């Protein structure tokens with residue numbers, strides 16, 4: 001599957017800190033044979049991928065549509081259709097499918113949303 005992750009408040013907090021268990025979740029997703037893509041409504045975010053040493057998990061980064069999600073993929077240069085999306089906003093998740101996570105505004109070592117993401121992805125895969 002093509003698994004798309006949002007960046008701000010999904011993978012990173014306001015201070016740029018990485019949400020707990022992102023690396024472990026990415027590792028599991030890749031081991032399961034899926035492809036991981038990063039997209040953001042504020043630009044192509046390779047700097048976040050590099051800062052957190054996630055490049056080995058990521059196929060590429062895209063600009064995320066902010067409305068008319070399916071209709072604007074090609075216009076934004078997104079040449080892969082998402083099979084499963086992870087975002088802190090419901091719009092893109094409803095347009096495709098996936099998991100809405102609690103926004104990750106500040107560093108919180110107790111946050112376990114990525115465990116839930118992986119669990120939901122596994123359930124979806126079996127369906």
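Laboratory data are not the source of any read-out in this text; all were calculated from the coordinates shown. Here the structure is a predicted model, which is why all the values come from computation and not from measurement. A quick note on method: Cβ atoms are made from the backbone with ideal geometry, for glycine too, and the neighbour counts reach across all protein chains shown.
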| said: Once each part is reduced to its C-alpha centroid, what is the distance from the range 5-48 to the range 97-115 in angstrom? | reply: 11
| Chain lengthening between residue 110 and residue 70 when straightened (0.36 nm per residue, less Cα-Cα) | 11.0 nm
| remark: Per the helix-only model, the chain has a calculated mean residue ellipticity at 222 nm (DSSP H runs of ≥4, -39500 (n - 2.57) each, divided over all residues, rounded to the nearest 500) of -8000 deg cm²/dmol
| request: Report the relative contact order of the range 2-126, percent, no decimals, based on alpha-carbon pairs under 8 angstrom and at least 6 residues apart. | output: 33
| message | For percent of Cα pairs over 22 Å apart, one of [x] 28; [y] 50; [z] 45 was computed from the structure I shared and the rest are decoys. Which label? | response | [x]
| request: Give me the percent of DSSP beta bridges within the chain that run antiparallel, rounded to the nearest 5. | output: 5
| residue 119 paired with residue 60, simple spin-label distance in nm, labels 7 Å along Cα-to-beta-carbon | 3.4
